[in-house]
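Below is one structure, written out as structure tokens, with a few remarks after it.
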Amino acid sequence: MNEPEINSSKPLHVAIIMDGNGRWAKARGLPRPMGHRAGIEAVRRTITAAPELNVGHLTLYSFSSENWRRPAEEIGELMGLLRFYLRSELAALHKAQVRVRIIGERKKLPTDIVEMIDHAEDLTQDNRGLVLTLALNYGGRQEITLAARGLAKAVERGQLQADAIDDHVLQSFLFTGGMPDPDLVVRTSGEKRISNFLLWQSAYAEFVFMDVLWPDFGAAHLAEAIEEYRKRDRRYGATASKA
């Protein structure tokens, strides 16, 4: 596991649970899909703002493994928006030197979407700007379970000794292997729960819960969350560093 940077004043990695699209639409008398579409604009604003605020990694909880329980019509709308986003934004992201990464199980995703995200990763893999990670069909428990299964198979094949398994080894079997852990996790809409997001990786993250609904989120809100993060005294089990 990547060791946290003690008392870092700026978050290297910000992860966001994007919540509130449905409530945003309902408050305006609009169908839920309109909330999801407005959420795309918030994604654009946040990606633009992140590098300006010295954020190097931005991870967005785009579609959870539990979201398959939603009505088929809404799932279809979400998959359609994902297709639209990848088609319409990839060229601009690549031009801006954004590196795109996808975490989560791809097996259940439509074949054409898997092909599109594979292409996005391949196209942008050498970019040196913001690392944008989209969590698609992602669940934290699912991720840890799959990592444990991978470790067990490696031990069975004789590729790994059971006694050699530590935090660093397990980390390498997660979807996020090679990425820094999030310094700051933000959730919009006023809800105060983690919702199965980056369970292992968020062990030492700071959490900021904001009342703003995701479609209204923008640069000012991201800056506000980062300012709140900077006020925190991150001790990682040590004594307080502030008087």
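A compact table of results
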quantity	calculated
Residue check, residue 99 more than 30 Å from residue 203 (Cβ to Cβ), surrounded by fewer than 21 Cβ atoms within 10 Å (Cβ to Cβ), at pLDDT 95 or above and among the charged types (D, E, K, R)	no
Some residue of the stretch 177-189 being basic (Lys, Arg) and modelled with pLDDT of 95 or more	yes
Only listed residue being within 19 Å of the chain's Cα centre (by Cα), of a type in the set (D, E, K, R) and under 17 Å from residue 105 (Cα atoms), chosen from 143, 191, 206	143
The stretch 23-42 - residue that is of a type outside the set (Gly, Ala, Ser) and not in a helix (DSSP H, G or I) and, of those, nearest to residue 219 (Cα to Cα)	28
Residue match in the stretch 152-166 (condition: touching a residue at least 24 places away in the same chain (Cβ under 8 Å) and either surrounded by fewer than 19 Cβ atoms within 10 Å (Cβ to Cβ) or closer than 24 Å to residue 56 by Cα (or both))	no
Hey, residue 133 surrounded by 18 or more Cβ atoms within 10 Å (Cβ to Cβ), of a type in the set (Ser, Thr, Tyr) and either in contact (Cβ under 8 Å) with a residue 40 or more places away in the chain or over 21 Å from residue 180 (Cα atoms) (or both) or not	yes
Filter result (within 23 Å of the chain's Cα centre (by Cα) and polar (S, T, N, Q)) within the stretch 147-187	171, 172, 176
Sole residue being touching a strand residue (DSSP E or B) at 6+ places or on another chain (Cβ under 8 Å), closer than 19 Å to residue 197 by Cβ, touching a residue at least 24 places away in the same chain (Cβ under 8 Å) and surrounded by fewer than 18 Cβ atoms within 10 Å (Cβ to Cβ), chosen from 105, 66	105
Residues satisfying the stated conditions in the stretch 178-199, i.e. out of contact with any helix residue (DSSP H, G or I) (no Cβ under 6 Å at 6 or more places or on another chain) and surrounded by fewer than 17 Cβ atoms within 10 Å (Cβ to Cβ)	178, 190, 191, 192, 193, 194, 195
Lone unmet requirement of (1) within 30 Å of residue 221 (Cβ to Cβ); (2) at pLDDT 95 or above for residue 151	(1)
Considering residues of the stretch 27-62 that are crowded, with 20+ Cβ neighbours inside 10 Å and more than 16 Å from residue 215 (Cβ to Cβ) only, the residue nearest to the chain's Cα centre (by Cα)	59
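The values are calculated or read from the model by the stated rules, or taken from the named source; none is laboratory data. Everything numeric here is computed off the predicted structure, so don't read it as measured data. Neighbour counts are summed over all protein chains in view; Cβ atoms, including those assigned to glycine, are modelled from backbone coordinates with ideal geometry.
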